[in-house]
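The structure appears right after this line, and notes come after that.
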Amino acid sequence: MLSKSVVTAVLVFASARVTTAIPLESTSESAQPSKRWLNSGKVRGVNLGSQFIIEPWMAGDEWKSMGCSGDDHDEWSCVQHLGQEAANAAFKNHWNTWTTQEDINLIKSYGLNTVRIPVGYWIHEELVQSDEHFPQGGLSYLDRLVGWCADAGLYVIMDLHGGPGSQSVRQSFTGHTVDNPGFYTSANYERAYQFLEWMTERIHTNESYRTVGALELINEPVSSRDYPSQAAGMIANYYPTAWTRIRGVESRLNVAEDHQVHIQMMDQDWGSGNPSSNLPSTTNALYDDHRYLKWDPSVDKTKSAYMSAACSDYRGGNDVIVGEWSISVADDVENGSEFQIDGNPPDQVEWYQKFWAAQVTSYEKSGGWVFWSWKCNWIGGRNEWRWCYKSAVEAKVIPMDAGSAASLNPCSS
């Protein structure tokens, strides 16, 4: 997770056609809600970060309680440290408690309509090789979680957050921190294709997945600036082949076009290249934009500059969703008096509330937004609600109604 990101009555992401929502109790694919279906005009959601791929920086207390040490920087190293059997038990307890049905119902009650679920390829355990180290047994918890989301009427974006071989360097969100990205090989692409095919079939045949409407091909791949050949190969080969393999499963299952899963890729502004340049089609395509003003070097580290950047932002059309963002500010100023949050001082609460609302208002000029993240432990020794939607609502920084951002007039001055 790092640093983009037309209102209609019903959001019809990449299509011009409006479809009718079918009752969620229906069980046959023909009677299922269209995968374009959404019960609101814009995506308003949260990531379920650290549910299936734990990032120790945002879940430190949880990490320690599981028996993972400070030297364990990712799930791979924790499994090695604990041993497979003990790790499986520790992770099952985590999966069972980090996100509960009460959380899902609370998300719905806050006026949100979407969750993005980051998963690693290793949740499909047949793809894991003998020399790879990941927890086992997560699938039943994923099945339960998406079922809760469907029961609550929440749209789900299923995100391949950790790819085979790791798609980014030194990032715990890949499940295995590496110095060189190993994802960009034909063998690891093939494993990712198999994951996507498996997940596509699950989406269309498993009742619990009835509101999973989008499948993201890979989260935060390398940039063309840092890894030009890997990024170019992904655009030329991985994206179009993944697209074809997903649509192939849907063809075999006789899935109608308006029931196809949305296929999501990182938007061009992420820096890996134009994701659509080699696709056989862009019907039901979505684009994921991650917008962290915290790490934007063009923004001065002042309240007025952050607000100006948030208010003037425009990320693209309805097919662009800002899939990760926060209200955190740059590391070297976040603890200074201008941005201090300890004790929730009223003037700071008011400013951060407007900062949240300004970003929401801008991102809803596009397809909408998914905040990073729903829940976290104490970060840097504090209740760091700048990263945690649930905590920010409790601190009265984010209102209980996600649709109230415009009424706050964040950009009025």
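The values are calculated or read from the model by the stated rules, or taken from the named source; none is laboratory data. Keep in mind that what you see is a predicted model, and the values were worked out from it rather than measured. Quick reminder, even Gly has a Cβ in these numbers, built from the backbone with ideal geometry, and neighbours come from all protein chains shown.
Just give me the residues in segment 171-221 being aromatic (Phe, Trp, Tyr) and under 24 Å from Cys149 (Cα atoms), in sequence order.
Phe173, Phe195, Trp198, Tyr209
Give Ser407, Ser412 a once-over and let me know the one that is surrounded by fewer than 17 Cβ atoms within 10 Å (Cβ to Cβ), not basic (Lys, Arg) and not in a loop (DSSP other than H, G, I, E, B).
Ser407
Report, by residue number, each residue of segment 247-302 that is in a loop (DSSP other than H, G, I, E, B), under 21 Å from Gln167 (Cβ atoms) and in contact with a strand residue (DSSP E or B) (Cβ under 9 Å, 6 or more places away or on another chain).
Listed by number, the residues that qualify are Val261, Asp267, Ser272, Pro275, Ser276, Leu279, Arg291, Tyr292.
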I'd like to know if segment 18-35 contains one or more residues that are in a loop (DSSP other than H, G, I, E, B), of a type outside the set (D, E, K, R) and at pLDDT 60 or above. yes
Would you pick out the residues in segment 302-331 that are of a type in the set (D, E, K, R) and under 26 Å from the mean Cα position of the chain (by Cα)? Asp313, Arg315, Asp319, Glu324, Asp331
When segment 87-141 is checked residue by residue, the ones that are out of contact with any helix residue (DSSP H, G or I) (no Cβ under 6 Å at 6 or more places or on another chain), farther than 18 Å from Cys68 by Cβ, part of a helix (DSSP H, G or I) and of a type in the set (A, V, I, L, M) are Leu106, Ile107
Please tell me if Asp151 is touching a Pro at 6+ places or on another chain (Cβ under 6 Å) and closer than 15 Å to Thr211 by Cα. no
Unique match (being at negative phi, among the charged types (D, E, K, R) and part of a loop (DSSP other than H, G, I, E, B)) among Arg225, Arg144, Arg202: Arg225
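Keeping to segment 57-68, report how many residues are among the small types (Gly, Ala, Ser) and either under 19 Å from Val178 (Cβ atoms) or in contact with a strand residue (DSSP E or B) (Cβ under 8 Å, 6 or more places away or on another chain) (or both).
Looking only at segment 57-68, we keep the residues that are among the small types (Gly, Ala, Ser), and these are 59-60, 65, 67.
Those left that are additionally either under 19 Å from Val178 (Cβ atoms) or in contact with a strand residue (DSSP E or B) (Cβ under 8 Å, 6 or more places away or on another chain) (or both): 60.
Count: 1.
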For segment 188-215, what are the residues that are farther than 16 Å from Trp243 by Cα and of a type in the set (Phe, Trp, Tyr)? Tyr209
Does any residue of segment 367-381 turn out to be among the hydroxyl-bearing types (Ser, Thr, Tyr), closer than 20 Å to Glu55 by Cβ and crowded, with 18+ Cβ neighbours inside 10 Å? yes
